[in-house]
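Note sheet for the following structure.
The values are calculated or read from the model by the stated rules, or taken from the named source; none is laboratory data. Owing to the predicted nature of the structure, the values given are computational and were not obtained by experimental measurement. We place every Cβ from the backbone using ideal geometry, glycine too, and count neighbours over all the protein chains shown. Protein only, heavy atoms only, side chains kept; ligands, DNA and RNA dropped before computing areas. Shrake-Rupley method; radii C 1.70, N 1.55, O 1.52, S 1.80 Å.
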Amino acid sequence: QQQVKQSPQSLIVQKGGISIINCAYENTAFDYFPWYQQFPGKGPALLIAIRPDVSEKKEGRFTISFNKSAKQFSLHIMDSQPGDSATYFCAASMEVSGTYKYIFGTGTRLKVLA
Amino acid sequence: DGGITQSPKYLFRKEGQNVTLSCEQNLNHDAMYWYRQDPGQGLRLIYYSQIVNDFQKGDIAEGYSVSREKKESFPLTVTSAQKNPTAFYLCASSRQPRNNEQFFGPGTRLTVL
């Protein structure tokens, strides 16, 4: 019940296209949903995050869509660029025994073709 | 510059040896975390600490140990009891346990020879 399922495992998009990565969860106690971007050999960096009281959040070319009833959330990268080629992780956070634990998805490797 | 530093970037260890990975942060964050990352898997929590001199086991603590003697430092020791220690190790911190945003360090890649 603490799993976060992420798809697809890998994604190839043409430059200028839209990249869409999906995540689903079961536990309704999750209350914070961040997306992280990770380049090879580097630590993940927070990209954008959303809380369940909001259905959409946009920051530049990056948008999170959140569907509370379906327990799904997705990352949309508009006008995808070769520099966006990285691995993207969704996560869900909830309080467990007095601290917030992150549960991460398995990652999506995005390649944007020039 | 505020941030999280991990050292070394690459580490090689012979089987049967203990090794300690360093994690330091100057963000004045209370909470610190250690994750393990393997290919095709999400990040898995090893240990976390909410305050100095206190830490709790995460989901995969067996074969690892930590200490939190200073707010800035949260070293991880990979012991010989860890059966498959080759992985990418990531340290993270957050301002408070209830503050959800976690900031990650650059990672240490450990290879057991």
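The figures follow:
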| item | result |
| --- | --- |
| Out of A:Ser93, A:Ser65, sole residue that is within 17 Å of A:Val4 (Cα to Cα), in contact with a Phe, Trp or Tyr (Cβ under 6 Å, 6 or more places away or on another chain), of a type in the set (S, T, N, Q) and part of a strand (DSSP E or B) | A:Ser93 |
| Unique match (being within 14 Å of chain B (Cβ to nearest Cβ) and not polar (S, T, N, Q)) among A:Ile103, A:Ile77, A:Ile64 | A:Ile103 |
| Members of region B:58-113 that are within 13 Å of another protein chain (Cβ to nearest Cβ), farther than 14 Å from A:Tyr102 by Cα and charged (D, E, K, R) | B:Arg95, B:Arg109 |
| Per-region count, region A:92-114, residues in contact with a strand residue (DSSP E or B) (Cβ under 6 Å, 6 or more places away or on another chain), over 12 Å from A:Gln37 (Cβ atoms) and surrounded by 16 or more Cβ atoms within 10 Å (Cβ to Cβ) | 10 |
| Filter result for A:Ile77 (open to solvent by 20 Å² or more (accessible area, probe 1.4 Å), over 19 Å from B:Gln41 (Cβ atoms) and modelled with pLDDT of 95 or more) | no |
| Strands (runs of 3 or more DSSP E) fully within region B:19-113 counting 1 or more residues that are without any contact (Cβ under 8 Å) to a residue 24 or more places away in the chain and over 26 Å from A:Pro8 (Cα atoms) | B:44-51, B:54-57, B:64-66 |
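Yes or no, residue by residue, for (1) under 11 Å from the mean Cα position of the chain (by Cα); (2) free of Cβ contacts under 8 Å to residues at least 60 places away in the same chain:
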residue: A:Gln2; (1), (2): no, no
residue: A:Ser10; (1), (2): no, no
residue: A:Gly17; (1), (2): no, no
residue: A:Cys23; (1), (2): yes, no
residue: A:Ser55; (1), (2): no, yes
residue: A:Ser80; (1), (2): no, no
residue: A:Cys90; (1), (2): yes, no
residue: A:Thr99; (1), (2): no, yes
